[in-house]
């Protein structure tokens, strides 16, 4: 063990609380330098929080943390040391970019650390060689196996030669062979750079044996520290796992006893499940490849393999959730039929993501399932009482499932799955993430179900000690079953001592056949040791900014859905709006109620009938009909000519005509009124109308001059406005997803722990979306010219400049929402709500903003589109140039710094 | 019986989930309160506060009377500008109307020399320009006639037209936009809530769980329809009674209960389409993008923004296939024109039929899409 004089990190009374759960409670600790430090404990005890704090990714709430001789609460120190720390967060490749290839991922990180092209190239080549990833440099990260993905994560972490390497559960869910290769790789790297400190969290207690120094954690507290041997001696245990259990507080250990598995009594030979050559393909990817096995009644049958080895897919085929591409499955001796309700009553299923409604309480969850399985009320109540007692849920009855500790939640999931007393249980990784104690308790329940109630259990796991408890297991890898037998037989067949070794042996055999696994690469080039990162830290770096731009662009280009939506979605809506949104009111329907039926009354109506705006419907007989037809919306207007109209006219008495207009749509009503009045004037002026009274000439002429749009055709205003509206909606939505996506997928960590600044991050990510929006603009511009035949009368350059500034503001608008929101769904609908209403109503598309009042006016003024509509309509239809539009361009441009600054403030450089 | 029980119990779960989802809850509350109030401030359907400028080259009593006749709320008090400013100011969208009164206008009017007065209209401000130019003409003509009648007395026309606007006598935009806002929100929320309910279950893995239990896709879909439909129906009722009628004081002519029946029928359709796109989308963002593509045309072209009559006939025909068009139409019939069931039942039937079609389609997609999602 390497005894360094100064610890690499020192924590003093660190307490972190999230909601009302304490992740860390007054943790004080020294982490020795230059060695391999393991952090052990189950999920949810604060390991990840602690590592996040050491990496500078999480904000320290209270207490003091020194890492690499400086205070981690100090932003300047964090900036200074972030290039000496590497952090690989939990989850397979969580800080990687799945759409990028292996080489592109590593290149991205190299750019973030400011490496020149030459430096980058030799470093990447060396790292990929040493990890055996070189042959897969062009493969997308999402197509890598779990083990390869973790190696890639390691490459990305090591690109800048860190002094402190922090790995959060790097091997969880990875197959044993890849796990072993991973640790060999770490050993090689450490032998090359002995000064490097490594801090690793792990859920596999077996792995902890190889570390130099262990920190055992439980419920936000450090239980003990020391070398593995020290811990084992202190607790007089043989393994680290036993030592950990011994270290737990006595209350937690109460009732814990060594798990005893009574031998299985063979009940009947007929298989409950028989799978023959089951195959499942998704496109050209074969998830499950000719899998065959049988499970007998009362047996505990295990599926063992890494994430992505096909365990879940096989189980889904057996529950009828997925139709097999080939092969067949027999359930209770009959071919599987997804529609067979009777068969469903005999099966209980627990899916990998807990099949619970997290927002319901324990009681509500159980109750709901009892009702869905139609247990009679009395029986249901009795069954619930029984389950609650059996599964130890008494103390949690009225807690929401989301608030339960993981172990309890899993017990509840199992209780829910057996509510209807099924004959067979299908459990997909029921214990992942649970501490050893809870796992044993869970297994006690399974054993009870199997041995005492004769339930057949089909369970999948990636824990070898759990696999050893099964009656028989299948070892799975890459969609294939490598071997199926009693665990002891598998071990002896391979001539090894543990099941893990047996699995590795089978894997090596399969790998040899497939040669898809990377071979361990060449040893690291020792001459590279001399090269240290040369680039100094700068406050603003164009290279880092472009690193994000390049990456975002590649991702966007590889996401056909977003891209299609961005380009053709807008084009489609442009087409629909361009034709559909029009204020030219015509095809209006009217009907006449002509009481007079004289020559004169017909002459009056003739004036209307001649109009191109109106379409006449069948005449009205009486008021009741008028009312009914207007109510139904069948006619927009009605004209009533009273009895004696002709006679009055003849006699020179003033005659009256009545018109009724449907006011349901105010704009249409006002327009109809205007048409009627104009028509009436025409009628009066018509020399054919013989009225006895002389008509005085009008005292003056009023000349209406429709400027810019002589025909007063709304397409000339609506097409440029629709273009503005669509440029407000879609770039904002795409941008809004961009940042929050990283938050959800976890790659936001790279903002926290690498030298990239918030401004570089924001602008770097914005640039591709501005590009897409400009492509949108080009498309819509061409549509306006050639499809809608709206000519551009003014300056193209001003329109182009305006569009550029405008899409920068609308993407910035989405950026603000994205920086604020925490989930993609919230960002999406937040953006939709905050853009659709102002864009369609308050931004000058239908009404000038100056004519709005109250909140509508405020919402309009604060929306960039309000300032672009004059530019778009101005250049298209009014024929304007820079002289007229310079002012409004400047106003529009003001949004850019304001919105960018708000995003900057909302975006955090550390996780809370 | 079993089916009804399943639908009921699954629905209660749906309601509980919804009440815990604060983002969606906030969205519903905002959409039916603040968003409606904001839309009451819109004057997109009428001439309101239209900016007017006058170039007065006459400086006579008549020209002053004309200027004073432009009054709020239709027009802003006119500003005096010079002739050479007309073009730049109109270019900057400062004024929608510029009235140019030529020199010696009053004298020529009195002398019966038939002088011409110009009204320049910015014909890119569609609604305001279209309606406002008519108003402006009328106002000026009336002023001139009043001015003359002091001296001569105007003769009565041989035929007089009396135009009455029924159902909304003052053509107030807010009456229209608030109720149409509610209608648009119904479409928006039903699609979002039902679609998100499907995607959420799938993302949480609970959908798999449901599908291996003895419940059918029909029951699952139906439970989502009734639960999300109930939430929206309640929100619509509250919004109509308290926000529209209570706070904004907008009268509703027809029977709100009858309208609510129509809402329920429409919600069946809207939830069905939500479920349908929920089965098509593979993630929440995709759901959102699909939603935009479906919702925007359904909303913008339903007749709740611009009149259906002004669309090209082929598009208006296409829009007849969208229940949103019929919904807007019967909502206007009931709420503004006080129509009864005898008038709107054919549209109710049509919406229900299209809703049924989508519902069948959604159920048909259900299981196959769930299988794909497992990849």
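The values are calculated or read from the model by the stated rules, or taken from the named source; none is laboratory data. These numbers were taken from a predicted model, which means no experiment stands behind them. Ideal geometry is used to build each Cβ from the backbone, glycine not excepted, and the neighbour counts take in all protein chains shown.
If you scan the stretch B:298-339, which residues turn out to be at the interface with chain A (Cβ under 8 Å from one of its Cβ atoms), more than 23 Å from residue A:576 (Cβ to Cβ) and more than 14 Å from the chain's Cα centre (by Cα)?
B:333, B:337, B:338, B:339
Kindly provide the set of residues from the stretch B:335-362 that are in contact (Cβ under 8 Å) with a residue 24 or more places away in the chain and over 19 Å from residue B:320 (Cα atoms), ordered by number.
Result: B:335, B:336, B:337, B:338, B:339, B:340, B:341, B:361, B:362.
Here are some residues: B:86, B:66. Which one is farther than 22 Å from residue A:870 by Cβ, under 39 Å from the mean Cα position of the chain (by Cα) and part of a helix (DSSP H, G or I)?
Being farther than 22 Å from residue A:870 by Cβ, under 39 Å from the mean Cα position of the chain (by Cα) and part of a helix (DSSP H, G or I) holds for just one of B:86, B:66, which is B:66.
Filter the helices (runs of 4 or more DSSP H) completely within the stretch A:519-627 down to those with at least 2 residues that are modelled with pLDDT of 90 or more.
A:542-557, A:570-580
Which condition from (1) in contact with a strand residue (DSSP E or B) (Cβ under 7 Å, 6 or more places away or on another chain); (2) buried (at least 20 other Cβ atoms within 10 Å of the Cβ); (3) more than 9 Å from chain B (Cβ to nearest Cβ) is the one that residue A:578 breaks?
Unmet for residue A:578, out of (1) in contact with a strand residue (DSSP E or B) (Cβ under 7 Å, 6 or more places away or on another chain); (2) buried (at least 20 other Cβ atoms within 10 Å of the Cβ); (3) more than 9 Å from chain B (Cβ to nearest Cβ): (1).
Would you check if there is a residue in the stretch B:71-93 being buried (at least 21 other Cβ atoms within 10 Å of the Cβ), more than 7 Å from chain A (Cβ to nearest Cβ), farther than 30 Å from residue B:185 by Cβ and touching a helix residue (DSSP H, G or I) at 6+ places or on another chain (Cβ under 9 Å)?
Yes, because at least one residue in the stretch B:71-93 is buried (at least 21 other Cβ atoms within 10 Å of the Cβ), more than 7 Å from chain A (Cβ to nearest Cβ), farther than 30 Å from residue B:185 by Cβ and touching a helix residue (DSSP H, G or I) at 6+ places or on another chain (Cβ under 9 Å).
Looking at (1) at pLDDT 85 or above; (2) under 30 Å from residue B:37 (Cα atoms); (3) more than 8 Å from chain A (Cβ to nearest Cβ), which is the one condition that is false for residue B:170?
All conditions are met except number (1).
Which condition number does residue B:5 fail, the rest of (1) assigned to a helix (DSSP H, G or I); (2) under 33 Å from the mean Cα position of the chain (by Cα); (3) modelled with pLDDT under 90 being met?
(2) is the only condition that residue B:5 fails.
Quick check: is even one residue across the stretch A:472-483 part of a loop (DSSP other than H, G, I, E, B) and within 20 Å of residue A:204 (Cβ to Cβ)? Reasoning before the result, please.
So in the stretch A:472-483, the residues part of a loop (DSSP other than H, G, I, E, B) come out as A:478-479.
Still in the list and also within 20 Å of residue A:204 (Cβ to Cβ): none.
Within the stretch A:472-483, none of the residues are part of a loop (DSSP other than H, G, I, E, B) and within 20 Å of residue A:204 (Cβ to Cβ).
Looking at (1) at pLDDT below 85; (2) outside the structural domain of residue A:458 (by TED's automatic domain parsing); (3) surrounded by fewer than 16 Cβ atoms within 10 Å (Cβ to Cβ), which is the one condition that is false for residue A:333?
Only one criterion in (1) at pLDDT below 85; (2) outside the structural domain of residue A:458 (by TED's automatic domain parsing); (3) surrounded by fewer than 16 Cβ atoms within 10 Å (Cβ to Cβ) is unmet by residue A:333, namely (2).
Take residue B:254 and tell me if it is farther than 30 Å from residue A:564 by Cβ, without any contact (Cβ under 8 Å) to a residue 40 or more places away in the chain and either within 14 Å of another protein chain (Cβ to nearest Cβ) or not in a loop (DSSP other than H, G, I, E, B) (or both).
Values: farther than 30 Å from residue A:564 by Cβ: yes; without any contact (Cβ under 8 Å) to a residue 40 or more places away in the chain: no; either within 14 Å of another protein chain (Cβ to nearest Cβ) or not in a loop (DSSP other than H, G, I, E, B) (or both): yes.
No.
Just need a number here: residues in the stretch A:645-669 that are surrounded by fewer than 16 Cβ atoms within 10 Å (Cβ to Cβ), more than 7 Å from chain B (Cβ to nearest Cβ) and modelled with pLDDT of 85 or more.
Going through the stretch A:645-669 one residue at a time, the tally reaches 1.
Residue check: is residue A:352 out of contact with any strand residue (DSSP E or B) (no Cβ under 6 Å at 6 or more places or on another chain), in a helix (DSSP H, G or I) and within 12 Å of chain B (Cβ to nearest Cβ)?
So residue A:352 fails the test.
Anything in the stretch A:146-179 that is farther than 12 Å from residue A:88 by Cβ and part of a helix (DSSP H, G or I)? List them, or say none.
Within the stretch A:146-179, A:146, A:147, A:148, A:176, A:177, A:178, A:179 meet the criteria.
Give the residue, chosen from B:6, B:49, that is within 30 Å of residue B:171 (Cβ to Cβ), in contact (Cβ under 8 Å) with a residue 12 or more places away in the chain and within 12 Å of chain A (Cβ to nearest Cβ).
Exactly one of B:6, B:49 is within 30 Å of residue B:171 (Cβ to Cβ), in contact (Cβ under 8 Å) with a residue 12 or more places away in the chain and within 12 Å of chain A (Cβ to nearest Cβ), namely B:49.
Need the failing condition index for residue A:826 against (1) touching a residue at least 24 places away in the same chain (Cβ under 8 Å); (2) at the interface with chain B (Cβ under 9 Å from one of its Cβ atoms); (3) assigned to a loop (DSSP other than H, G, I, E, B), just the number.
(3)
Looking at (1) more than 8 Å from chain B (Cβ to nearest Cβ); (2) crowded, with 18+ Cβ neighbours inside 10 Å; (3) modelled with pLDDT of 90 or more, can you tell me which one residue A:679 breaks?
Condition not satisfied by residue A:679: (3).
Please work out if residue B:24 is more than 7 Å from chain A (Cβ to nearest Cβ), under 20 Å from residue B:236 (Cα atoms) and without any contact (Cβ under 8 Å) to a residue 24 or more places away in the chain.
Considered against the rule, which asks whether it is more than 7 Å from chain A (Cβ to nearest Cβ), under 20 Å from residue B:236 (Cα atoms) and without any contact (Cβ under 8 Å) to a residue 24 or more places away in the chain, residue B:24 comes out as no.
What's the number of the only condition in (1) assigned to a helix (DSSP H, G or I); (2) free of Cβ contacts under 8 Å to residues at least 12 places away in the same chain; (3) not assigned by TED's automatic domain parsing to the domain that holds residue A:312 that residue A:384 fails to meet?
The number of the failed condition is (2).
Do we have residue B:43 as over 30 Å from residue A:832 (Cα atoms), under 27 Å from the mean Cα position of the chain (by Cα) and either assigned by TED's automatic domain parsing to the domain that holds residue B:232 or part of a loop (DSSP other than H, G, I, E, B) (or both) here?
When the stated conditions are applied, residue B:43 does not pass them.
For a quick check of your reading of the model, give me the residue pairs whose first member lies in the stretch A:850-867 and is under 19 Å from residue B:74 (Cα atoms), whose second is modelled with pLDDT of 90 or more, with beta-carbon atoms closer than 6 Å and at least 6 apart or on different chains.
A:852/A:860
Mind telling me which of the residues B:266, B:295, B:291 ends up being over 18 Å from the mean Cα position of the chain (by Cα), buried (at least 21 other Cβ atoms within 10 Å of the Cβ) and touching a residue at least 40 places away in the same chain (Cβ under 8 Å)?
B:291
Results for (1) at positive phi; (2) assigned to a helix (DSSP H, G or I); (3) at pLDDT 90 or above, shown as yes or no for each residue.
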residue	(1), (2), (3)
A:60	no, no, yes
A:63	yes, no, yes
A:95	no, no, no
A:107	no, yes, yes
A:115	no, no, no
A:118	no, yes, yes
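So which helices (runs of 4 or more DSSP H) stay within the stretch A:217-308 end to end and still have 1 or more residues that are modelled with pLDDT of 85 or more?
Filter on the stretch A:217-308 gives A:228-235, A:240-247.
Out of the stretch B:301-321, which residues are within 21 Å of residue B:274 (Cβ to Cβ) and crowded, with 22+ Cβ neighbours inside 10 Å?
Hits for the stretch B:301-321 are B:301, B:302, B:304.
Conditions first: (1) farther than 30 Å from residue A:880 by Cβ; (2) at pLDDT 90 or above; (3) part of a loop (DSSP other than H, G, I, E, B). Residue B:95 passes all but one, so which condition is the exception?
(1)
Could you check the stretch A:360-375 and list, in sequence order, the residues that are at the interface with another protein chain (Cβ under 8 Å from one of its Cβ atoms), under 32 Å from the mean Cα position of the chain (by Cα) and surrounded by fewer than 19 Cβ atoms within 10 Å (Cβ to Cβ)?
Scanning the stretch A:360-375 gives a single hit, A:364.
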